[in-house]
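Down below is the structure, laid out as structure tokens.
The values are calculated or read from the model by the stated rules, or taken from the named source; none is laboratory data. Since the structure is predicted, the reported quantities are computational estimates derived from the model, not experimental observations. All Cβ positions, even for glycine, are placed from backbone atoms using ideal geometry, and neighbour counts span all protein chains on display.
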Amino acid sequence: MRVLTGLILSWVVWAAAAALPAPAPGQRELLAEANAALQAGEADKTMALLDTLDKLNKPDNRAEAYNLRCRVEYSLENWDRAAYDCEQAVKLDAQNSDDHLWLGRALGEKASRASFLNAYSLAKQVRTEFEEAARLNPRNSEALASLGEFYEQAPGVVGGGIDKAETVAAQLDKFDPVRAHELRSKIAEHRKDYGTAERELKQAITGSAHPALQWMTLADFYRRRERWTEMESAVRSGENTAERDKHAGVALYNGASVLIETKRDPALAAKMLEDYLAGSAKTEEGPAFVAHTWLARLKQQLGDTAAASRERAAALALGHDYKPALEMK
């Protein structure tokens, strides 16, 4: 009887606990869930989670929340809002290298679309943010790569310079040689030394743990040089490599982008996007709602209007105000 009574009591305790509402997620859990949604390309879900986080009114998470908002707006191509949110993140946590990096990226996109005078002012701000990101964390390879590309592309009047880009490449040599090769390729291409530029990208492929990404970078180089046969071959090499590397899924997105830009092999581009969306390695570098939008356009080209409509709807289900999807007919 004692055993039976104990079982009954245990069942009662379990049932009472099950009836209680689950504890509300804390701020760290919400931030982690929001970041996971961002990586999956779920822009609307990310914003909803961040809105929930705001209601907790916890000052210690606001900088990270603003950074996530910035990155969502960036992926949606809302450059003004992205820059505003990253500015707030920097104000709240001025010692965070990644906050400065993302502010520089958002300001860079604004600068590329601004009038001459505004672009001049914004470009100087971009340089300042990238330099600060690299200063705060000298081993932040993304910040260094962005700074190096700025130096390579920008005129001296706003702080650019090939010699500065070479210095950054030397810094990257110490802990990220793949990015160092990619930056040196850009420097060589700037100098019209296309043979060296190509060799640097091939060295990046050889030295990469996930070479599918570097194959697509090489394909994009061939695109700029209008070497179409080699471009398509590099895309296929990247595709084949990505099939064997579950961490390189975004390479499929990048390769599809190269084919779409050159209006070549839409069937292969569509397949690569479908494989990317079906995989488990989606990332904010290749937003899922963008991939669905591109796929919708490709399906239209291939004459499958029903599939095009489904893909457009899938894009808007993830990001309801993504303009390129909204503007599709």
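If you go through the stretch 265-279 and keep only what is closer than 21 Å to Ala219 by Cα and assigned to a loop (DSSP other than H, G, I, E, B), you end up with just Asp265.
Residues are listed down the side, and each one gets a yes or a no for (1) at pLDDT below 95; (2) in contact with a helix residue (DSSP H, G or I) (Cβ under 9 Å, 6 or more places away or on another chain); (3) part of a helix (DSSP H, G or I); (4) not small (Gly, Ala, Ser):
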position	(1), (2), (3), (4)
Tyr253	no, yes, yes, yes
Ala281	yes, yes, no, no
Ala308	no, yes, yes, no
Pro324	no, yes, yes, yes
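Here is a yes/no grid of residues against (1) in contact (Cβ under 8 Å) with a residue 24 or more places away in the chain; (2) under 22 Å from the mean Cα position of the chain (by Cα); (3) buried (at least 16 other Cβ atoms within 10 Å of the Cβ):
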residue: Glu182; (1), (2), (3): yes, yes, yes
residue: Ser208; (1), (2), (3): yes, yes, yes
residue: Gly238; (1), (2), (3): yes, yes, yes
residue: Arg244; (1), (2), (3): no, yes, no
residue: Glu261; (1), (2), (3): yes, yes, no
residue: Arg264; (1), (2), (3): yes, no, no
residue: Glu274; (1), (2), (3): no, yes, yes
residue: Ala278; (1), (2), (3): no, yes, no
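With respect to Arg105, is the statement that it is within 16 Å of the chain's Cα centre (by Cα), in contact (Cβ under 8 Å) with a residue 60 or more places away in the chain, in a helix (DSSP H, G or I) and surrounded by 19 or more Cβ atoms within 10 Å (Cβ to Cβ) true? Here the answer is no, as Arg105 does not meet what is asked. One residue stands out among those in the stretch 220-236 that are assigned to a helix (DSSP H, G or I) and either touching a Ser or Thr at 6+ places or on another chain (Cβ under 8 Å) or of a type in the set (Asp, Glu) (or both): the one that is surrounded by the fewest Cβ atoms within 10 Å (Cβ to Cβ), which is Trp228. Scanning the stretch 123-166 for residues that are assigned to a helix (DSSP H, G or I) and of a type in the set (S, T, N, Q) yields Gln125, Thr128, Ser141, Ser146, Gln153. In this structure, Ala106 qualifies as of a type outside the set (D, E, K, R), modelled with pLDDT of 95 or more and under 27 Å from Gly249 (Cα atoms). With respect to the stated conditions, Glu73 is among the charged types (D, E, K, R) and buried (at least 18 other Cβ atoms within 10 Å of the Cβ). Candidates Asp176, Asp99: the one that is under 20 Å from Asn67 (Cα atoms), crowded, with 16+ Cβ neighbours inside 10 Å and out of contact with any Phe, Trp or Tyr (no Cβ under 7 Å at 6 or more places or on another chain) is Asp99. No other residue among Val158, Val178 is of a type in the set (Val, Ile, Thr), closer than 30 Å to Phe116 by Cβ and in contact (Cβ under 8 Å) with a residue 12 or more places away in the chain apart from Val158. Flag: Glu285 matches the condition of being of a type in the set (D, E, K, R) and at pLDDT 95 or above.
Screening Ala197, Ala169, Ala188 for residues that are aliphatic (A, V, I, L, M), in a helix (DSSP H, G or I), modelled with pLDDT of 95 or more and within 23 Å of the chain's Cα centre (by Cα) leaves exactly one candidate, Ala169.
Within the stretch 58-70, the residues that satisfy the criterion of being surrounded by fewer than 21 Cβ atoms within 10 Å (Cβ to Cβ) and in a helix (DSSP H, G or I) are Pro59, Asp60, Asn61, Arg62, Ala63. For Tyr120, the criteria (1) part of a helix (DSSP H, G or I); (2) modelled with pLDDT of 95 or more; (3) exposed (fewer than 15 other Cβ atoms within 10 Å of the Cβ) hold in every case but one, which is (2).
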